1. Which one is nearest to the chain's Cα centre (by Cα) among residues in the stretch 102-114 that are more than 11 Å from the ligand (Cβ to nearest atom), assigned to a helix (DSSP H, G or I) and not basic (Lys, Arg)?
2. Considering only the stretch 115-167, state which residues are of a type in the set (Gly, Ala, Ser), within 13 Å of the ligand (Cβ to nearest atom) and either modelled with pLDDT of 95 or more or touching a Lys or Arg at 6+ places or on another chain (Cβ under 6 Å) (or both).
3. Name the strands (runs of 3 or more DSSP E) wholly inside the stretch 174-252 in which the number of residues that are aromatic (Phe, Trp, Tyr) is 2 or more.
4. What pairs come out if I take residues in the stretch 227-252 that are free of Cβ contacts under 8 Å to residues at least 60 places away in the same chain and pair them with residues that are in a strand (DSSP E or B) and aromatic (Phe, Trp, Tyr) whose C-beta lies under 7 Å away, six or more apart or interchain?
5. Considering every residue within the stretch 54-66, establish whether at least one is closer than 14 Å to Ile214 by Cα and assigned to a helix (DSSP H, G or I).
6. Has the stretch 161-177 got at least one residue that is crowded, with 23+ Cβ neighbours inside 10 Å and either farther than 21 Å from Ala218 by Cα or touching an Asp or Glu at 6+ places or on another chain (Cβ under 8 Å) (or both)?
7. Please work out if Arg170 is in a loop (DSSP other than H, G, I, E, B), more than 10 Å from the ligand (Cβ to nearest atom) and modelled with pLDDT under 95.
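The values are calculated or read from the model by the stated rules, or taken from the named source; none is laboratory data. Since the structure is predicted, the reported quantities are computational estimates derived from the model, not experimental observations. Reconstructed Cβ throughout: ideal geometry from the backbone, glycine too, with neighbour counts over all protein chains shown.
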Amino acid sequence: DVIREVEGLAEKERRLADRLGLQEVRIVKGDADADPLVKKALGHAAAEWLKKTLRPGDILAVTGGTTIATVADQIPRTPLGVEVLPARGGVGENMEFQANTIASRIAAQLGGTYRLLHAPDVLSDDALQSLIEDPQVQDTLQRLRSARIVLHGIGQAIPMAKRRRLPESRIEQIEAHGAIAEAFGYYFDAHGNIVHAMNTVGLRLSDLKHIERISAVAGGSSKADAISAVAFGSPLQVLITDEAAADAILQK
Ligand code: BG6
């Protein structure tokens, strides 16, 4: 921590927490956009945060994405006996970046159990309704709502919409509404207003207010505006980011 003070990271963490109204910020050096090792460092920092925060018997909900996948890579074997759940359905992305896969990998490292939510990313109203009525899905949703900790990624709205193969007309619509950020299926404008929510099973933004610790991991200067929007628009408490994103946010 002395090194962090000397490098000015601790000071930046305090300023960023203040700017975004967060309880805790952790900054790793570098720019995840330019260097894949920085994304690994983000995963490591998030794994450290999880290790100090998790208690035996906790329920942890995680999203998918390439950043949260690095948390699963970086978390050491620590027998904590927790339950890990995917925050949302989200089948549709590459297997290794799906929340289901990541939840099962983190559970394996933490000596815990997991459950899966097998639901496509894009669902019709009817399909969503029948999924929600399934007793097993209901049970998982119930457990998700009693999670104590959520760890999620943050993305840029349009790249995420494309990655999820949203119809072109829908992408144009959310763009026209000023969407710049995406987190667990919600699209936010620069002020943190929700401009689109995906029809999918999993945690809703309204469920988050009952959850004790909410943490996001996202870095790279390209995500700066998205991070700010999600910090304003959701009950985020803890941010693990990199110096490039932090500098870009603080420069505004
Ligand atoms: C998704 C999460 O899977 O990953 C989103 O549900 C997040 O919350 C996205 O925006 C970020 O992905 P990446 O690959 O940029 O870490």
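1. Ala103
2. Gly153, Gly155, Ala157
3. Here the list reads 186-188.
4. Ala229/Phe188; Gly233/Phe188
5. For the stretch 54-66, residues closer than 14 Å to Ile214 by Cα and assigned to a helix (DSSP H, G or I): absent.
6. Yes, the stretch 161-177 contains a residue that is crowded, with 23+ Cβ neighbours inside 10 Å and either farther than 21 Å from Ala218 by Cα or touching an Asp or Glu at 6+ places or on another chain (Cβ under 8 Å) (or both).
7. Considered against the rule, which asks whether it is in a loop (DSSP other than H, G, I, E, B), more than 10 Å from the ligand (Cβ to nearest atom) and modelled with pLDDT under 95, Arg170 comes out as no.
A quick yes/no check of all residues on (1) under 16 Å from the mean Cα position of the chain (by Cα); (2) not small (Gly, Ala, Ser):
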| residue | (1), (2) |
| --- | --- |
| Asp33 | no, yes |
| Leu37 | no, yes |
| Ala46 | yes, no |
| Arg55 | no, yes |
| Asp58 | no, yes |
| Gly64 | yes, no |
| Pro86 | yes, yes |
| Glu96 | yes, yes |
